1. So in segment 100-115, with the set limited to residues that are hydrophobic (A, V, I, L, M, F, W, C) and without any contact (Cβ under 8 Å) to a residue 40 or more places away in the chain, which one is surrounded by the fewest Cβ atoms within 10 Å (Cβ to Cβ)?
2. Taking only segment 14-29 into account, find how many residues are touching a residue at least 60 places away in the same chain (Cβ under 8 Å), surrounded by fewer than 17 Cβ atoms within 10 Å (Cβ to Cβ) and either out of contact with any helix residue (DSSP H, G or I) (no Cβ under 7 Å at 6 or more places or on another chain) or part of a helix (DSSP H, G or I) (or both).
3. Within segment 30-44, count every residue that is surrounded by 15 or more Cβ atoms within 10 Å (Cβ to Cβ) and among the aliphatic types (A, V, I, L, M).
4. Could you list all residues from segment 125-151 that are surrounded by 20 or more Cβ atoms within 10 Å (Cβ to Cβ) and under 16 Å from Leu100 (Cα atoms)?
5. Of the residues that make up segment 151-174, is at least one at pLDDT 95 or above and not in a loop (DSSP other than H, G, I, E, B)?
6. Taking only segment 24-56 into account, find how many residues are within 16 Å of ligand 1 (Cβ to nearest atom) and of a type in the set (A, V, I, L, M, F, W, C).
7. Phe78 is checked against (1) within 24 Å of Ala38 (Cβ to Cβ); (2) more than 11 Å from ligand 1 (Cβ to nearest atom) and fails just one. What number does that condition carry?
Amino acid sequence: MKESEAAVTGLGWSAPIEPVDAGTARRGILWQHAQIRAFLEKARAVADLALDGKVSPADAVASAIGDLRSMMEVHLTFEEKVLIPLFNVDFPIGPRRVALLLDEHKRQRGVLADLHLEARSYPLLPTLAAKLAFLTSWLLTEMLEEERSMKKMKDDDASEKADGASGGGHGLEE
Ligand SMILES: [Fe+2]
Ligand SMILES: [Fe+2]
C-alpha cells in the first residue's frame, strides 16, 4: 500500500486496535474492496489465460488462489474487527447483523480454504482455472452486495449509523 493511500483511509490493511466510527469503517472497507477488485481482475486474467492453455508459469493459477486467500483473510478479519463493535451497540438488530456477517464470512473462508487446499495439493490441475474464474465473479458480486448495504453509513460517528436489517450483505442499510 502506498503512503498516500494509507493516509486517506487511516487504516490500510491492518485491523485497528481501538473501535472506529462507522465512516472510518466504511472508508476502510471500500478502500480494501478497491484493492481486492484490482487483484481479482489480474487473477481473472490468469484464469482466462490458463483456460486458453497459455498461462505461464504453469502454477500461476495455484499461486493466484493462494494470494487471493491471504488477501481475503486479512480483509475478512478487518471487517469483523471494525463492524462487530458497531453492530453490537445497535439494538435490537445488531446481534442479527453480527450473526449474518459471521455466517457470510464463514462461507467465504470455507470456499477459499477448499480451493486453496486443492491448489496446494494439485497446482497443475486444469479445473483450478475454471474454479478461480468462478471465484472472482462470486467475490465481485459479494462485494457489490456489501457496498450496497453500507452505502448509507454516515461519515461522522457511530451514533449516526444507519438503521435497519433488511437486504443482503452486512445489513447496514436504512
Ligand atoms: Fe464481508
Ligand atoms: Fe468485504
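1. First pass over segment 100-115, keeping only residues hydrophobic (A, V, I, L, M, F, W, C): 100-102, 111-113, 115.
So of that shortlist, the ones also without any contact (Cβ under 8 Å) to a residue 40 or more places away in the chain come out as 102, 111.
Numbers: Leu102: 13, Val111: 17.
The qualifying residue surrounded by the fewest Cβ atoms within 10 Å (Cβ to Cβ) is Leu102.
2. Qualifying residue count, segment 14-29: 2.
3. 4
4. Looking only at segment 125-151, we keep the residues that are surrounded by 20 or more Cβ atoms within 10 Å (Cβ to Cβ), and these are 128-129, 132, 135-136, 139, 143, 146, 149-150.
Listed by number, the residues that qualify are Met143, Glu146, Ser149, Met150.
5. Residues of segment 151-174 at pLDDT 95 or above: none.
Among the residues of segment 151-174, not one is at pLDDT 95 or above and not in a loop (DSSP other than H, G, I, E, B), which makes the answer no.
6. So in segment 24-56, the residues within 16 Å of ligand 1 (Cβ to nearest atom) come out as 25-37, 39-40.
Filter once more, so that each one left must be of a type in the set (A, V, I, L, M, F, W, C): 25, 29-31, 34, 36, 39-40.
Qualifying residue count for the region: 8.
7. Only one criterion in (1) within 24 Å of Ala38 (Cβ to Cβ); (2) more than 11 Å from ligand 1 (Cβ to nearest atom) is unmet by Phe78, namely (2).
Per-residue answers, yes or no, for (1) within 14 Å of ligand 2 (Cβ to nearest atom); (2) modelled with pLDDT of 95 or more; (3) in a helix (DSSP H, G or I); (4) of a type in the set (Lys, Arg):
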position: Leu68; (1), (2), (3), (4): yes, yes, yes, no
position: Met71; (1), (2), (3), (4): yes, yes, yes, no
position: His75; (1), (2), (3), (4): yes, yes, yes, no
position: Phe78; (1), (2), (3), (4): yes, yes, yes, no
position: Lys81; (1), (2), (3), (4): yes, yes, yes, yes
position: Phe87; (1), (2), (3), (4): no, no, yes, no
position: Pro92; (1), (2), (3), (4): no, no, no, no
position: Arg96; (1), (2), (3), (4): no, no, yes, yes
position: Leu102; (1), (2), (3), (4): yes, yes, yes, no
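The values are calculated or read from the model by the stated rules, or taken from the named source; none is laboratory data. Keep in mind it's a predicted model, so treat the numbers as computed, not measured. Cβ sites come from the backbone with ideal geometry, for glycine too, and all protein chains shown count toward neighbours.
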